[in-house]
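A.B. asks: First, the structure itself, so that you have it in front of you.
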Amino acid sequence: MLRLSLALTALVTLWCPPAWADEIIRVEGVGVTRVAPDLARITLGVDTQAETAAAAMAGNNESMAQVMLTLTDAGVAKDDIQTERINLSQIYGPREPDSRGLPPVIGFAASNAVRVTLRDLDEVGGVLDAVSTGGANRIQSIGFDISDPGAAQNAARRDAVSDAMRRAALYAEAAGVTLGPVLKILEPVQSSGPMPLMMASRMADESGVPVAPGMVEIGATITMEFAIVPAAPQ
């Protein structure tokens, strides 16, 4: 019985964490990688107005069909054109004096927007110029991205770990303690995706709309916990 008790005591001692395990330094590390984009995403469409809902939708459908044809003629693959929004709404006129009801409906507005992915950045200006003269009357946004962010994301993660380790070492030195081993490395469910550093687009009379793809940033943020090793007793 005594031998069993001694064995259990040794087992508990073996698995007992060190007393300093609860003393930690928790830091956040940030890493950012800059890369050149290789694709553009444009949201564009058609807005139309008419006295009736049917006329507004009919006019919108006709113009949007021309926009779609213009895009495919410009070499955009059908898989790279995706409908993002279709909307039909009433247009209200001025409210009558002393009226407590809704203002009168004087017409209808229809809109249709698509998201277009362009995989050749040299074609962006020409495509924008083509759709602006081929039926589109709204270019809502343009953004630049990279098709395969994996390598850049991993580089950002490495930089984030290095940043966290530098901070932890600095804090430990400033506090006069010894930094112990890494206890945890935590990453949010989703680190930041591509963020534009420079982006410009404007309508122009010359052939092709001037655009500046610039660079995009891929970011990563991690949290690391380090043990603090207690000073040796004097």
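The values are calculated or read from the model by the stated rules, or taken from the named source; none is laboratory data. This one's a predicted model, so the numbers in the text were calculated from it and none came from an experiment. We place every Cβ from the backbone using ideal geometry, glycine too, and count neighbours over all the protein chains shown.
A.B. asks: Tell me yes or no: at least one residue of the range 102-122 is in a helix (DSSP H, G or I), surrounded by fewer than 17 Cβ atoms within 10 Å (Cβ to Cβ), within 31 Å of the chain's Cα centre (by Cα) and modelled with pLDDT under 95.
C.D. replies: yes
A.B. asks: Which one is modelled with the highest pLDDT among residues in the range 203-232 that are more than 23 Å from the chain's Cα centre (by Cα) and under 30 Å from Gly126 (Cα atoms)?
C.D. replies: Among residues in the range 203-232 that are more than 23 Å from the chain's Cα centre (by Cα) and under 30 Å from Gly126 (Cα atoms), the one modelled with the highest pLDDT is Pro210.
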